Every structure is written in C-alpha cells, then in structure tokens.
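Each remark here refers to the structure printed beneath this line.
The values are calculated or read from the model by the stated rules, or taken from the named source; none is laboratory data. Quick caveat, the model's predicted, so the values are computed rather than measured. So basically every Cβ, Gly included, is an ideal-geometry build from the backbone, and we count neighbours across all protein chains shown.
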Amino acid sequence: MRRAARLLLYAGTVAAVLGLGKYHAAEIGHYDLTNSSRFAWSFAYAGLLGLAAYGVGLPDLARTRRIAAVLAVMSTVAAAAGISLVQLVVGDALLPRFVVFSAALVLVPWYMLCAALAGDTRARQEERDRVVAVVSLDEEEALRTELAQGPERAASIVAALRPDQARTERPDSRPLADAAAAGRATVVVLDRVAQGDESIVAQAALLHERGVRVRSLTFFYDEWLGKLPMSELERLSLMFDIGEIHRARYGRLKRLLDVVVAGMGVIPFVVALPFVVLGDFVGNRGPLFYQQPRVGKNGRVFSILKFRTMRPGSSAGEWTAADDPRVSRFGHWLRRSHVDELPQVVNILRGDLSVVGPRPEQPQYVEELVEKIPFYDLRHVVRPGLTGWAQVKYGYAGSEADALEKLQHEFYYLRHQSLALDARIITRTLRSVVRRGGR
C-alpha cells in the first residue's frame with residue numbers, strides 16, 4: 001500500500017499538471033497543448049514536483065497530518081519557485097503562471113491524502129513483519145539495534161532462540177515452530193550454526209509450508225536492513241558480482257551519467273564561487289580551496305578538492321567530528337549547505353570520483369583499516385563517490401568503529417550496484433540535504 005501511495009502521488013502530479021495545462025490551452029490561451037513546447041515542459045514541471053515531494057519525504061515520512069501539510073506546501077512551493085527561476089533565466093514563459101500556481105495549490109491536498117494513505121499502511125507493515133531469530137546473543141542484540149534504527153523494511157523480533165534452544169532430538173518437540181506460533185511470526189531468521197542443524201532446518205521447512213518466510217541472517221540483513229552483517233563480510237567478499245567490474249555496459253553508462261551530472265554541477269559551482277570568496281574574506285580568511293589525498297579506484301591516490309571549511313593551520317591527520325572545533329563559523333555553513341562539496345565536480349570530470357560510490361578515505365586510515373579488516377580493500381575495486389549508500393543509511397563517520405559499520409552498507413552497494421540503486425541513492429541524498437540541512 002505504501003508503494004500504491006507513491007504511485008498515486010506521482011500519477012496525480014502528472015494528471016494535475018496536464019489537466020490544468022489542457023484547460024488553459026482550450027479555455028484561456030486557445031492553442032493546442034500537445035503541439036506546443038509547453039506539453040514537454042508540463043512533464044518537466046510534473047517531474048520537478050515529484051522530485052520535490054520525494055525530497056521532503058512524501059508520502060512515506062509524514063508522521064502526522066500537520067507534518068504532511070507542511071511538507072506538501074514546502075514541496076509545491078519549491079517546485080513552483082524552481083520552474084519560475086528557470087523561466088526567468090531563459091527569458092521565456094515556458095508554462096503559464098495559471099498552470100504553475102494552480103497545480104501547486106491543487107496538489108497540496110492530494111499530497112496530504114497520499115501521505116495519509118501511506119501512514120495508514122505503516123502500522124500494518126510494522127505489525128506484519130514479526131521475526132523469530134535463531135541466532136547467538138550478540139547477533140540478537142545487533143539485530144534489535146538495527147531494526148530500531150530505520151530499516152529498509154520495518155520488523156520487530158517477537159522471539160529469539162539460541163541454536164541449542166531451537167534444535168530437538170524428539171519428534172514430538174518443535175521449539176522453533178512453537179515459538180513462531182506463539183509470536184505469530186511471519187519471518188524466521190537462521191544464522192550459520194542454525195542452518196547447519198537438520199532438526200532446526202526441518203522445523204523451518206514446516207513453517208515455510210505454512211506461509212512463514214525463512215531467511216538466512218545474511219539475506220535478512222540484505223532485504224530488511226540494506227547492509228551485510230559484519231560476521232559475514234569476509235566470507236561473502238568474493239561471492240557476488242560487482243556491476244562496475246562484471247557488467248561492462250553498466251560501467252560505461254555510469255561514467256557517461258557522471259560526466260553529464262558533473263557538467264551540470266559546474267553551473268552552481270561557478271555561481272557559488274564569488275559568494276564563497278566573499279564569505280572567506282569576512283569570516284574564514286585563508287586559501288579558497290582545500291586539497292587532501294584520498295584513496296580511489298584500484299588504490300590510486302588522488303587529491304580531493306573542496307572549499308576550505310577549517311581554519312588555516314588546522315591538523316588534517318585526525319578523524320573529523322560532526323561538530324569539529326577546527327571548523328570556522330562560515331565553514332559550518334558551507335558544510336551544512338554542502339556547498340563545500342561543489343568543487344568535487346572537477347574530481348568527477350577527471351575520473352577521480354563518481355557521483356555514487358563508497359566515500360574515499362585518507363591513505364593513512366585506509367592502511368590502518370586494511371590491516372584490521374582484511375576484506376576492507378574490496379571497496380576500492382570501484383570508483384569512489386560524492387555520495388553513497390553508506391552515507392544515506394548511516395551518515396557521518398568519525399571513528400574506526402563507524403568506518404566498520406559503514407563498510408557493511410558499502411558491501412550491500414557493491415552487491416547490488418546498478419543504475420536503479422544509484423538513482424535511489426541520489427534521491428535519498430537530496431532528501432537528506434533538504435530535510436536535515438547538511439551534516
């Protein structure tokens with residue numbers, strides 16, 4: 001139903017813009033909409049409205065009607081302002097003001113309705129995925145923590161058994177099946193030890209016949225949490241294809257799209273440049289740009305380019321904290337707005353970076369982590385990214401523990417690398433920037 005709410009939101013957006021455009025063409029402007037350039041721009045405006053709605057979190061993330069109303073107004077106003085700005089820049093009325101502003105007004109209640117529909121199904125989704133886990137104590141604690149931190153699919157653990165508690169040697173004893181029945185479970189999760197026990201697998205097979213889904217710990221992490229479990233990283237490091245390596249067409253299309261996106265990004269970079277120069281002169285004096293060595297594809301070291309946010313003379317050899325005291329006041333604004341990242345369009349055009357990929361780390365950190373995590377270097381078989389799955393799922397990393405946590409998400413990205421996942425990451429990044437205002 002949440003998927004239906006999304007489809008209704010986007011379909012309603014297209015219908016509203018085209019319907020109002022058709023009405024304006026027939027009753028006010030007296031022209032044929034389908035034979036004019038406004039027909040194509042109607043789809044462009046509908047796409048902008050849909051992107052703005054997704055960016056603010058509609059229809060999924062609106063927890064109350066009030067929040068839904070605020071987000072609906074924000075998204076439609078932003079889209080209307082965006083298309084108006086484009087018209088101002090090109091000096092032409094690409095769409096009538098009647099269509100632009102009427103669509104924005106009409107879609108506010110529609111977006112609220114779609115948000116209500118998504119909200120009504122959210123509780124049912126959380127109730128539906130009831131998990132019985134046959135795992136170790138450490139794995140149980142990790143699962144409970146992960147499920148409480150924004151999983152890809154909502155679920156709750158209704159029972160947890162150790163493998164020795166779930167196994168049985170008597171035909172009349174079925175502890176796993178009994179726990180699943182008592183908890184009205186819809187999913188059973190088995191760790192590696194449980195999968196190797198015939199009596200546990202036999203009970204899981206019986207539950208499977210009754211309609212209960214059965215997953216290994218690895219596949220549960222993959223489907224519900226959008227990551228791979230830490231305990232399985234080394235074993236799985238070679239057991240999946242990587243799009244950038246094993247699918248040549250994907251690699252070429254990804255690079256082509258990188259160049260297109262970076263080319264478009266040159267415009268805001270050039271526009272922001274004089275404002276950053278002025279801001280640095282007032283409150284952040286020193287060099288305009290900051291360059292730092294990072295490890296890229298196949299271990300090649302390159303210099304990443306950013307607008308400087310730290311005070312001159314600050315040490316760069318330490319993990320950066322979320323509220324680092326070395327960052328100047330103007331630098332904080334650059335980070336929150338992500339303007340400091342704009343110079344990286346140069347890195348993308350040079351081929352150092354991709355738009356989407358594992359975030360590149362400094363060489364000294366990579367050397368330390370490779371020694372501690374033998375499979376850590378696998379992340380360097382693909383081009384690093386401006387944003388990535390680990391960034392949108394986990395956020396800021398400021399320690400070795402954070403780096404290990406993010407690696408689980410990066411393995412998920414390597415395993416599922418595709419243009420569809422890249423697009424999903426980009427839209428989630430835009431949503432994060434709009435809703436949280438940066439890091």
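Tabulated values for the structure
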{"item": "Answer from Ala194, Ala148, Ala180 - the residue that is of a type in the set (Gly, Ala, Ser), farther than 13 Å from Phe220 by Cβ and at pLDDT 95 or above", "result": "Ala180"}
{"item": "Sole exception among (1) of a type in the set (Gly, Ala, Ser); (2) within 15 Å of Arg6 (Cα to Cα); (3) free of Cβ contacts under 8 Å to residues at least 12 places away in the same chain for Ser75, by number", "result": "(3)"}
{"item": "Odd one out for Arg38 among (1) basic (Lys, Arg); (2) part of a helix (DSSP H, G or I); (3) surrounded by fewer than 17 Cβ atoms within 10 Å (Cβ to Cβ)", "result": "(3)"}
{"item": "Count of region 20-64 residues which are at positive phi and touching a residue at least 24 places away in the same chain (Cβ under 8 Å)", "result": "1"}
{"item": "Pair list, Cβ under 7 Å, 6 or more apart: region 402-414 residue assigned by TED's automatic domain parsing to the domain that holds Glu368 and basic (Lys, Arg), other residue crowded, with 22+ Cβ neighbours inside 10 Å and part of a helix (DSSP H, G or I)", "result": "Lys406/Ala390"}
{"item": "Test result for Arg383, touching a helix residue (DSSP H, G or I) at 6+ places or on another chain (Cβ under 7 Å), modelled with pLDDT of 95 or more, surrounded by 23 or more Cβ atoms within 10 Å (Cβ to Cβ) and closer than 23 Å to Met239 by Cβ", "result": "yes"}
{"item": "Qualifying residue in region 414-431 (condition: among the charged types (D, E, K, R), modelled with pLDDT of 75 or more and within 19 Å of Asp377 (Cβ to Cβ))", "result": "yes"}
{"item": "Residue within region 248-269 that is loosely packed, with under 11 Cβ neighbours inside 10 Å and either of a type in the set (Gly, Ala, Ser) or not assigned by TED's automatic domain parsing to the domain that holds Val355 (or both) present", "result": "yes"}
{"item": "Hits in region 325-374 (condition: among the small types (Gly, Ala, Ser) and at pLDDT 90 or above)", "result": "Gly351, Ser354, Gly357"}
{"item": "Which numbered condition Ala53 misses (of (1) within 27 Å of Ala423 (Cβ to Cβ); (2) in contact with a Pro (Cβ under 7 Å, 6 or more places away or on another chain))", "result": "(2)"}
{"item": "Region 235-257 - residue that is in a loop (DSSP other than H, G, I, E, B) and of a type outside the set (A, V, I, L, M, F, W, C) and, of those, farthest from Val381 (Cα to Cα)", "result": "Arg247"}
{"item": "Per-region count, region 1-15, residues within 15 Å of Met112 (Cα to Cα) and either of a type in the set (Gly, Ala, Ser) or assigned to a loop (DSSP other than H, G, I, E, B) (or both)", "result": "4"}
